[in-house]
Amino acid sequence: MERIPILRMGRLLLVTIQVDMHDRLAMTLQDDLTNRIVTDRATGVLIDISALDIVDSFIGRMISNTAAMAKILDARTVLVGMQPAVAITLVELGLTLEGVSTALNVELGIKLLEKGNR
Amino acid sequence: MTPAQGEAIVLPLKTDEDVVRLRKQVREDLIAIGFGLVEQTKVVTAASELARNVLRYGGGGEAHIEHIFDGSRRGLAMSFIDQGPGIPDIALALTDGYTSGGGLGLGLSGAKRLSDEFEIDTTPGKGTTVKIAKWKQF
């Protein structure tokens, strides 16, 4: 079965989405991430979407839900690398990604997560 | 003046993968017409929302993509067609946050905001066609 790989770096999980995901693949990623937070005892999740040229309401919901589930499991989620055109479109679409922290790139995202853990 | 239309490309919308194929095709057409990155992103996103509606609420269907011309203007028109249950209350369906199927309720209203032209033709029990168009700005 097709899957998006999840990398572990210490207590952080890193996902780089590099394919145009269909909806089932997005749901699989949400489930996988939630499970890995528990099995890897992760305290932070970084979702890198710099390679995505669109985020529609379904992917947006998957990201919000993942962040909400992570929060309940005592992990913080940072969404990194959103392209400007995607941000413009998301706002016009009406999606505000409430409760999701963002950073411009992976490096800044890691800093944000480390700051929160001190 | 009725805009002239080219030949439509017809794509099936039966599976999740079809939605990905549609996004790719729409992107290619927008690039061919010369749309900028932000406009491309908006239209591909609108197309993705409407294609998902065909799949989730209409039980599958198809998309027609056509290049449109109006004098010196060029654009892209897309129709999303299903033979599903139809939309009983269009005004309600276009309300931000309203959903009949567990989504975010942004698909129709969001697609409308992201397009220049937006039309819904729906008959309860017969199906729904949503048509959007985007014109290239000079």
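Derivation of every value follows stated rules applied to the coordinates shown; laboratory data play no part. Treat the numbers as computed from the prediction; the structure is a model and nothing was measured. Counting neighbours? That spans all protein chains shown, and the Cβs are built from the backbone with ideal geometry, glycine included.
Restricting the count to DSSP beta bridges whose residues both fall in the stretch B:4-135, what percent are antiparallel, rounded to a multiple of 5?
Roughly 100 percent of the beta bridges in the stretch B:4-135 run antiparallel, per DSSP.
What is the distance in Å between the Cα centres of the stretch B:80-138 and the stretch A:57-114?
26 Å
Over all Cα pairs of the stretch B:67-112, how is the pair count split among 5 Å bins, expressed in % and running from 0 up to the last occupied bin?
Each 5 Å bin holds this share of Cα pairs: 5, 17, 19, 21, 12, 11, 11, 4, 1.
Between the DSSP loop rule and a limit of at most 14 other Cβ atoms within 10 Å, which trypsin sites (Lys or Arg not before Pro) in the stretch A:34-71 are left?
Here the trypsin sites (Lys or Arg not before Pro) that fit, given the DSSP loop and packing criteria, are A:R41.
Rank the residues B:T123, B:T128 as a footprinting-exposure proxy: fewest other Cβ atoms within 10 Å of their Cβ go first.
Result, fewest neighbours first: B:T123, B:T128.
How many percent of the alpha carbon pairs in chain A exceed a separation of 20 Å? Before the final figure, lay out each step's value.
Working: 2416 of 6903 pairs.
So the pairs more than 20 Å apart make up 35 percent of the total in chain A.
What distance in nm separates the simple spin-label points at B:T123 and A:A51, each placed 7 Å from Cα in the Cβ direction?
4.6 nm
If you count the DSSP beta bridges with both ends in the stretch A:6-117, what percent of them are antiparallel, to the nearest 5?
Counting only bridges with both partners in the stretch A:6-117, antiparallel ones make up about 25 percent.
What does the charge count around A:Q83 come to, taking other residues whose C-beta lies under 13 Å from its C-beta (Lys +1, Arg +1, Asp -1, Glu -1)?
Charge balance in the 13 Å sphere: -1.
Based on DSSP, what percent of beta bridges with both residues in the protein assembly as shown are antiparallel, to the nearest 5?
Of those bridges, close to 75 percent are antiparallel.
Counting Lys and Arg as +1 and Asp and Glu as -1, what is the net charge of the other residues whose Cβ lies under 13 Å from the Cβ of B:P12?
Result for the local shell: -3.
Please work out how much length the chain gains when fully extended from B:S72 to B:K24, using 0.36 nm per residue of separation minus the C-alpha to C-alpha distance, in nm with one decimal.
Residue separation times 0.36 nm, minus the Cα-Cα distance, leaves 14.7 nm.
How large is the dipole of the protein assembly as shown about the Cα centre if only Lys and Arg carry +1 and Asp and Glu carry -1, each at its Cβ, rounded to the nearest 20 debye?
The calculated dipole for the protein assembly as shown is roughly 780 debye.
Considering only the other residues whose Cβ falls under 14 Å of the Cβ of A:M1, what net charge follows from Lys and Arg at +1 and Asp and Glu at -1?
Residues close to A:M1 contribute a combined charge of -3.
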